[in-house]
Amino acid sequence: MSTVAELLVESLASHGVTSVWGVVGDALNPVTDAIRREDRVDWIGVRHEEAGAFAAGAQASLTGRLGVCMGTVGPGAIHLLNGLYDAAKSRVPVLAICGQVPREEIGSDFFQEVNNDVLFADVAVFTATVSTAEQAPGLIEQAVNAALAERGVAVLSIPGDVGGLEVPHGTPVPQFLEPASHTVPDAAELSKVAAVLNAADNVTLLVGAGAREALAEVQQLAELLAAPAVLTLKAKERFEENLPQEVGQSGLLGNHASKVAFDGCDVLFLVGTDFPYREFLPSGKTVVQLDVRGGHIGRRVLVDHGLVGHAQPTLAQLLPLLEQKTSTAHLEKARKSYAAWRERQVQFTDPGFDRKPKGLLRRKVDNPDARIRPELLAAAVDRHAADDALFTSDTGMSTVWLARYVRMRGDRRLIGSYNLGSMANAMPHALGLSAVDRSRQVVAFCGDGGLSMLLGDLITAVAYELPVKLVVFNNGRLGMVKLEMEQVGLPEYGTKLANPDFAEVARAIGLTGIRVERPGDVDSAVSQALGTTGPVLIDVLTNPDEIAIPPAPTVHQGWGFAIAKTKEFIESHE
């Protein structure tokens, strides 16, 4: 005979789940005990359930398989929410197992009781509370199948008196389905789109993560159409080094070449992307959009021709209908702009930049304290990281520097909170990735604000021997918020952080801690950090006034910076 908890854990192990993240406690004790007795699944106890949910979501992002996290009654379940919203917005399958008060107390406002089905209704594609042993197998199947099929979060709540109940004799272990991945549009729709693309003088592609499995098809598409390809951040990992027509990103992360590519086209083809920043997309263009979700068609920009289907099979059927473009002028113009931009960025990666004539002038404006430029740090990580490294980044300026200076060559992967935009995700995401394969290098670009928000889970890296490499951009600021304030003419306020010596904190916890305060020491310190066995934190004092200029800075933004800097100068001298 099996209990509800044992049946649940056995079904997850048989599906291939290798780790469950959470904090132990009361209602879920039967589940954690079942994990203890299941050799195929590891329990990883975090210090904050949010970190566990982030870790499970990162594993699902990396593998495409189910991630699992747990939070017990009330506060424990509530703490999962932010990490679960990140998984939901990233469209990855995660099962959250939540505790609930005993059945007879549900609805009585019992100690720690919250209504999980209501609490998780917005974030989850499926929620249910197991009330009897007989219904457990069916609800387990429904929950996991919903998460897999809809690429979202499922929440299964187990009251304290249910996990230990015995299921009926002969109950089979729940089996989970594999979702289909070969949806294609009608042939007539493909013919219409082919006619539009063939008739266009200049086509630009905006390629997203939804095209990840269609690398060869996107390569052929860009070649046939002589089209520059703007990449979303999440498309870097597949296309950046494998698509000769790529011109980098748009948005705050991007460069002027993306604007050249957008402005110069008469047809914009969105391939597997839900890029949300409308202000960076061009107007007055014929727009084609390919997405597996029909609800995404047209929600960012008005679309003339929508194709609902998976990228790889859809493009495979579209390509034979396309004609080779003879003019490459549009592509060459965008690529020339991109090459010039990349060449300009290289100067900031020189440790001696601030001592050279051009650097001395700039330093007076944006680096008066001669701090380490974050571009220098990001470029050093790019040089020394393995070609199959897994990268994560905190939302904010650390993502900007990763996007601009780390190339996703080889088998590198990139995971982040790029849809929810949460703080504090880089370190727990890295923990989750490292647990998948401890032999693979995992590098987290951590903001000092993000790292300190979930600082306690540095202990998890040590406790479970997760050899993450945490690169801390320690500028004493909430850097992106500072930039946002200054763009609209406000002096920074509330963004300064009273940071400890993070390297000393790391050493006290049991990590290798490295502190870097001079530009000339960055390269050797990064090399040391990435070459050290076990978890490492490298605390680098970076320039808080470094500015990331968007692809097409406006007069309003420039005036905003000028006003803000004047106010900051006056207030600092009062």
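Look at Asp117 and say whether it is among the acidic types (Asp, Glu), outside any loop (DSSP other than H, G, I, E, B) and surrounded by 24 or more Cβ atoms within 10 Å (Cβ to Cβ). It is false that Asp117 is among the acidic types (Asp, Glu), outside any loop (DSSP other than H, G, I, E, B) and surrounded by 24 or more Cβ atoms within 10 Å (Cβ to Cβ).
The single condition among (1) within 25 Å of Arg212 (Cα to Cα); (2) assigned to a helix (DSSP H, G or I); (3) among the aliphatic types (A, V, I, L, M); (4) without any contact (Cβ under 8 Å) to a residue 60 or more places away in the chain that Val346 does not satisfy is (1).
How many of the residues making up the stretch 292-342 are assigned to a loop (DSSP other than H, G, I, E, B) and not aliphatic (A, V, I, L, M)? Number satisfying all stated conditions: 13. The criterion of at least 3 residues that are farther than 30 Å from Arg293 by Cβ and in the same structural domain as Leu148 (by TED's automatic domain parsing) is met, among strands (runs of 3 or more DSSP E) falling completely within the stretch 1-113, by 42-45.
When the residues of the stretch 17-72 are narrowed to those that are closer than 21 Å to Thr392 by Cβ and acidic (Asp, Glu), which ends up nearest to the chain's Cα centre (by Cα)? Filtering first and then ranking leaves Glu50. Out of Gly396, Gly432, one residue alone is assigned by TED's automatic domain parsing to the domain that holds Pro500, crowded, with 22+ Cβ neighbours inside 10 Å and modelled with pLDDT under 95. It is Gly396. With respect to the stated conditions, Glu484 is acidic (Asp, Glu) and surrounded by fewer than 21 Cβ atoms within 10 Å (Cβ to Cβ). Screening Glu166, Glu178 for residues that are touching a Ser or Thr at 6+ places or on another chain (Cβ under 6 Å) and either in the same structural domain as Leu225 (by TED's automatic domain parsing) or not aromatic (Phe, Trp, Tyr) (or both) leaves exactly one candidate, Glu166.
Selection of first residues in the stretch 173-198 that are in contact (Cβ under 8 Å) with a residue 12 or more places away in the chain and of second residues that are charged (D, E, K, R) and in a loop (DSSP other than H, G, I, E, B), restricted to Cβ pairs under 6 Å at least 6 apart or on distinct chains, gives the following pairs, ordered by first then second residue: Asn198/Glu323.
If you go through the stretch 273-303 and keep only what is among the aromatic types (Phe, Trp, Tyr) and closer than 20 Å to Val218 by Cβ, you end up with just Phe275. In summary, Glu240 fulfils each of the numbered conditions (1) charged (D, E, K, R); (2) under 19 Å from the mean Cα position of the chain (by Cα); (3) over 25 Å from Met480 (Cβ atoms) with the single exception of condition (3). Which residues, taken from the stretch 270-281, are surrounded by fewer than 19 Cβ atoms within 10 Å (Cβ to Cβ) and either assigned to a loop (DSSP other than H, G, I, E, B) or among the β-branched types (Val, Ile, Thr) (or both)? Pro276, Tyr277 - these are the residues of the stretch 270-281 that are surrounded by fewer than 19 Cβ atoms within 10 Å (Cβ to Cβ) and either assigned to a loop (DSSP other than H, G, I, E, B) or among the β-branched types (Val, Ile, Thr) (or both). Just the residues that are touching a Gly at 6+ places or on another chain (Cβ under 9 Å) and not aliphatic (A, V, I, L, M), please, taken from the stretch 318-340. Selection gives His330, Lys333, Tyr338. In the stretch 492-528, the qualifying residues are those that are among the aliphatic types (A, V, I, L, M) and in a helix (DSSP H, G or I), and the one that is farthest from the chain's Cα centre (by Cα) is Ala508. Within the stretch 378-392, restricting attention to residues that are in contact with a helix residue (DSSP H, G or I) (Cβ under 6 Å, 6 or more places away or on another chain) and assigned to a helix (DSSP H, G or I), the residue that is farthest from Gln347 (Cα to Cα) is His384.
Looking at Val196, Val173 in this structure, which one is closer than 18 Å to Ile297 by Cα and over 29 Å from the mean Cα position of the chain (by Cα)?
So the residue among Val196, Val173 that is closer than 18 Å to Ile297 by Cα and over 29 Å from the mean Cα position of the chain (by Cα) is Val196.
How many of the residues in the stretch 133-172 are closer than 22 Å to Ile78 by Cβ and without any contact (Cβ under 8 Å) to a residue 40 or more places away in the chain? Here the count works out to 2.
Close contacts from the stretch 4-20, counting a first residue that is on the phi > 0 side of the Ramachandran plot and at pLDDT 95 or above and a second that is outside any helix (DSSP H, G or I) and not aromatic (Phe, Trp, Tyr), with Cβ to Cβ under 7 Å and a gap of 6+ residues or different chains, come to Gly16/Arg65. Per this entry, Gln100 is counted among residues that are crowded, with 21+ Cβ neighbours inside 10 Å and either touching an Asp or Glu at 6+ places or on another chain (Cβ under 6 Å) or not basic (Lys, Arg) (or both). Of the residues Val267, Val247, Val288, Val303, the single one that is crowded, with 17+ Cβ neighbours inside 10 Å, touching a His at 6+ places or on another chain (Cβ under 7 Å) and of a type in the set (A, V, I, L, M, F, W, C) is Val288.
Are any of the residues in the stretch 460-470 touching a helix residue (DSSP H, G or I) at 6+ places or on another chain (Cβ under 9 Å), among the basic types (Lys, Arg), in contact (Cβ under 8 Å) with a residue 60 or more places away in the chain and farther than 18 Å from Glu375 by Cβ? Yes, the stretch 460-470 has at least one match.
Restricting the first member to the stretch 498-521 and to residues that are farther than 17 Å from Asn475 by Cα, and the second to residues that are of a type in the set (S, T, N, Q), the beta-carbon pairs closer than 7 Å and six or more apart or on different chains are Thr512/Thr532.
Have a look at Ile158, Ile140, Ile106 and point out the one that is more than 26 Å from the chain's Cα centre (by Cα), of a type in the set (A, V, I, L, M, F, W, C) and closer than 29 Å to His310 by Cβ. After ruling out the rest, the residue left standing is Ile140.
The values are calculated or read from the model by the stated rules, or taken from the named source; none is laboratory data. Quantities reported herein were computed from a predicted structural model and do not represent experimental measurements. Glycine gets a Cβ as well: all are built from the backbone with ideal geometry, and neighbour counts include every protein chain shown.
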